[in-house]
1. Where residues in the range 319-334 are modelled with pLDDT of 90 or more and closer than 16 Å to N303 by Cα, which of them is surrounded by the fewest Cβ atoms within 10 Å (Cβ to Cβ)?
2. Taking the stated definitions as given, is K309 of a type outside the set (A, V, I, L, M, F, W, C), part of a strand (DSSP E or B) and in contact (Cβ under 8 Å) with a residue 60 or more places away in the chain?
3. Taking only pairs six or more apart or across chains, which ones have beta-carbon atoms under 6 Å, a first residue in the range 290-301 that is touching a residue at least 24 places away in the same chain (Cβ under 8 Å), and a second residue that is polar (S, T, N, Q)?
4. So which of R207, R224, R184, R216 ends up being without any contact (Cβ under 8 Å) to a residue 40 or more places away in the chain and under 17 Å from the mean Cα position of the chain (by Cα)?
5. With the requirement that a residue be at pLDDT 95 or above, out of contact with any Asp or Glu (no Cβ under 9 Å at 6 or more places or on another chain) and outside any loop (DSSP other than H, G, I, E, B), what does the range 199-248 give you?
6. Could you count how many residues in the range 249-271 are assigned to a strand (DSSP E or B), open to solvent by 60 Å² or more (accessible area, probe 1.4 Å) and touching a helix residue (DSSP H, G or I) at 6+ places or on another chain (Cβ under 7 Å)?
7. Open to solvent by less than 60 Å² (accessible area, probe 1.4 Å) and either modelled with pLDDT under 90 or of a type in the set (D, E) (or both), is that true of P147?
8. Among helices (runs of 4 or more DSSP H) lying entirely in the range 63-144, which contain 2 or more residues that are in contact (Cβ under 8 Å) with a residue 12 or more places away in the chain and among the small types (G, A, S)?
Amino acid sequence: MTDTTYMQLALELAKNGYGWVNPNPMVGAVIVKNGQIIGQGYHERYGQLHAERNALKHCSSSPEGATIYVTLEPCCHYGKTPPCTEAIIQSGIRRVVIGSSDPNPLVAGKGIEQLRSHGIEVTTGILKDQCDQLNQVFFHYIQTQTPYVVMKYAMTMDGKIATRTGKSKWITGEKAREQVHFDRHRYMGIMVGINTVLTDNPLLTCRLPHTKNPIRIVCDTNLRTPHSSQLVQTAKEIPTIIATCCTDEEKQKLFLDFGCQIIVTPQHNNQVDLQYLMEQLGKQKIDSILLEGGGTLNWSALNQRIIKKVQAYIAPKLFGGIGTSPITGIGIDDPNDSIQLSPPTIQMLGNDILLESEVLSCSQE
């Protein structure tokens, strides 16, 4: 087996951390000695052992003289756990093979330097692109201290997210909806606007087994969320944040009594200032958000430049007429000014298609 093969195994191990390690990165590690795998592990939960220490913990024989394959540069600082470089050095491992370099300023090459200074051979860049892609959210968050925001919508082939009567259940099939619920587990937060709350009264939970619920965030400029809504009624069980421009402390207190958190933002075009909100959510270590808003919030999010990725689920259906579009607002005047996206990845989910693209450039206000 080659370095690439062992790193691929480490990548598959790392993916087991989806949704559980945020705001930490997903990392996998494999230890090989004399052509045999003697230990493997991954970062399982935030605050628990890192991948390297888990792999060492599960070694079937002494790792002295072995090679460890790790998807991300080992940490060299004290955080929730001691440095992984320290454990590697003490173990007697002679070679470390790394996928991604760590952009965290506390690491950023220092882990590699420390290993080499102790006579350990270090090889870097094995399956770098795949390892970087795995931790796209972490890399964004550690460098900006704001959440990585994914705008998701489901639409028909004629671009409608609801019929002329406002009905939208269900546009996509079961497999596509299952993927959405996995992403509710994968990303730390889920965000909607007040219109979605008033129209759908959603619960915004993850309904897959062995998963967790996201932190629920409502953009509600004038604090109109009904106290009877499912979000408010379950706020003591599931963290719920209401972002508003309303400074009326009596109105706020009612929501606080139900267990909601209130974040007051400045106004941006008579709406919640989303960039300010992202800064505040980042301070709470919320590293990622799945935006499941309607057309109004989607346009505001694009216009305020907080969207990093677009997920478009497309169902082989047609609604026609004046059905709702996924992005409304004032829109673009000139095609040359359109919001530019990367070439999409394409995934079939039952009869539906998922297109995913990175946002390359956003609109100018």
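1. P326
2. Working: of a type outside the set (A, V, I, L, M, F, W, C): yes; part of a strand (DSSP E or B): yes; in contact (Cβ under 8 Å) with a residue 60 or more places away in the chain: yes.
So K309 passes the test.
3. That search, which allows pairs on different chains as well, returns G294/N195; G294/T196; G295/S325; G295/T328; T296/T328; W299/T328; S300/Q271.
4. On the way: R207 fails: under 17 Å from the mean Cα position of the chain (by Cα); R224 fails: under 17 Å from the mean Cα position of the chain (by Cα); R184 fails: without any contact (Cβ under 8 Å) to a residue 40 or more places away in the chain.
Residue meeting the stated conditions: R216.
5. Answer for the range 199-248, where residues must be at pLDDT 95 or above, out of contact with any Asp or Glu (no Cβ under 9 Å at 6 or more places or on another chain) and outside any loop (DSSP other than H, G, I, E, B): I215, R216, I217, V218, C219, Q230, L231, V232, Q233, T240, I241.
6. Qualifying residue count, the range 249-271: 1.
7. Values: open to solvent by less than 60 Å² (accessible area, probe 1.4 Å): yes; either modelled with pLDDT under 90 or of a type in the set (D, E) (or both): no.
Considered against the rule, which asks whether it is open to solvent by less than 60 Å² (accessible area, probe 1.4 Å) and either modelled with pLDDT under 90 or of a type in the set (D, E) (or both), P147 comes out as no.
8. On the way: elements: 84-91, 110-117, 128-134, 136-144.
Result: 84-91.
The values are calculated or read from the model by the stated rules, or taken from the named source; none is laboratory data. Predicted model, so just to flag it, every value in this text is computed and none were measured. Counting neighbours? That spans all protein chains shown, and the Cβs are built from the backbone with ideal geometry, glycine included. Quick note on the areas: whole protein, heavy atoms, side chains included, nothing else; ligands and nucleic acids left out. Shrake-Rupley method; radii C 1.70, N 1.55, O 1.52, S 1.80 Å.
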